[in-house]
1. Within the group L28, L62, L104, which residue is in contact (Cβ under 8 Å) with a residue 12 or more places away in the chain, among the hydrophobic types (A, V, I, L, M, F, W, C) and either part of a helix (DSSP H, G or I) or open to solvent by 60 Å² or more (accessible area, probe 1.4 Å) (or both)?
2. Go through the stretch 4-19 and give me each residue that's without any contact (Cβ under 8 Å) to a residue 60 or more places away in the chain and more than 16 Å from L66 (Cα to Cα).
3. For the subset of the stretch 77-89 comprising residues that are open to solvent by 40 Å² or more (accessible area, probe 1.4 Å) and either closer than 21 Å to A25 by Cα or not charged (D, E, K, R) (or both), which member is nearest to ligand 2 (Cβ to nearest atom)?
4. Looking only at residues that are near ligand 1 (Cβ under 9 Å from one of its atoms) and among the aliphatic types (A, V, I, L, M) in the stretch 127-144, which one is farthest from L66 (Cα to Cα)?
5. Here are some conditions: (1) exposed (fewer than 13 other Cβ atoms within 10 Å of the Cβ); (2) touching a residue at least 12 places away in the same chain (Cβ under 8 Å). L125 meets all but one. Which one does it not meet?
6. When only residues in the stretch 107-126 that are near ligand 1 (Cβ under 8 Å from one of its atoms), part of a loop (DSSP other than H, G, I, E, B) and at pLDDT 95 or above count, which is nearest to the chain's Cα centre (by Cα)?
7. In the stretch 145-155, which residues are within 11 Å of ligand 1 (Cβ to nearest atom) and either among the hydrophobic types (A, V, I, L, M, F, W, C) or farther than 24 Å from Y99 by Cα (or both)?
8. Suppose we filter N117, N113 for residues that are open to solvent by 60 Å² or more (accessible area, probe 1.4 Å) and more than 16 Å from ligand 2 (Cβ to nearest atom); which single one remains?
Amino acid sequence: MPPMLRNSRESWGSLARFFHWAVAALVLVQVALGLAASAWRLSPMKLDLFVWHKSLGFVILLLVLLRLIWRMVNPTPALSAGMSGIERLGARASHGLFYVLLILLPVNGWVINSAANVPFSIFWLLPLPAIVAPSPALAGTAENAHFVLFSLLSLLVVVHAGAALRHHFVKRDEVLSRMLFGPPRT
Ligand code: HEM
Ligand code: HEM
């Protein structure tokens, strides 16, 4: 049976799965755009890459906020029965950290953009208001913080994907299949 829109206590619904994989795919594109934009030689292309990077950052922020709201108005599937106390703690902490990082990164990017006093419109359409006063010192600090947050996110993705594969191939439980596009494996 295909998953229902809403979550159940046993499995993720189709909307939660959509949010998970859409955000995962967009974060990969976002990281590639950030690295490419930073490394590009100064040219109109570099500026365009930054507009895409910053705009996509706000799309990710919106999706993450909608995803959190959807999570609050739904039951959350119980963690797999075969998990130890430490595994449960690790799962809860790492999932929470994902949400924190995926909100902090765009907000911190917004601080960089405002402090650097760069005029910017989301997708060339929606002018972004400044959230802090222009300050080259703050822009530099916020850029460093952006890199630290990105590094933490990368580490978390590796650990998280590794844990998901371990559930599927070593523990052989339902954790990965209930997030993939199909019914949970029993
Ligand atoms: C989930 C959201 C985001 C992710 C994962 C992300 C990731 C990255 C990465 C990997 C880089 C290149 C490495 C670095 O220089 O730090 C970067 C650079 C940058 N990002 Fe983001 N970013 C996000 C959102 C944003 C947003 C919303 C903005 C602005 C509104 C932004 C502005 C910048 C700027 C200005 C740089 C260049 C920083 C520098 O020159 O050191 N980012 N980002
Ligand atoms: C940037 C990439 C990713 C991000 C940001 C991310 C984020 C998250 C978050 C926040 C949750 C917790 C959901 C909640 O409790 O609301 C989660 C769950 C999950 N993720 Fe990811 N994820 C990413 C990539 C992946 C990959 C590559 C895999 C598989 C190899 C994966 C497999 C899973 C599974 C199976 C769950 C469900 C855990 C459970 O049912 O208890 N994720 N992910």
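The values are calculated or read from the model by the stated rules, or taken from the named source; none is laboratory data. Nothing here was measured: the structure is a model prediction, and the numbers come from that model. Quick reminder, even Gly has a Cβ in these numbers, built from the backbone with ideal geometry, and neighbours come from all protein chains shown. Just so you know, the surface numbers come from the protein's heavy atoms only, side chains and all, with ligands and any DNA or RNA stripped out. Shrake-Rupley method; radii C 1.70, N 1.55, O 1.52, S 1.80 Å.
1. Only one candidate passes the filter, namely L104.
2. Selection gives M4 alone.
3. Checking each candidate, the answer is L79.
4. Kept after step one, since they are near ligand 1 (Cβ under 9 Å from one of its atoms), are these residues of the stretch 127-144: 128, 139-140, 142-144.
Adding the requirement that they be among the aliphatic types (A, V, I, L, M) leaves 128, 139, 142.
Numbers: L128: 20, A139: 29, A142: 26 Å.
Looking at the filtered set, the residue picked out is A139.
5. (2)
6. Looking at residues that are near ligand 1 (Cβ under 8 Å from one of its atoms), part of a loop (DSSP other than H, G, I, E, B) and at pLDDT 95 or above, I get F120.
7. At the first step, the residues of the stretch 145-155 found to be within 11 Å of ligand 1 (Cβ to nearest atom) are 145-154.
The answer is A145, F147, V148, L149, F150, L152, L153.
8. Checking each option against the conditions leaves just N117.
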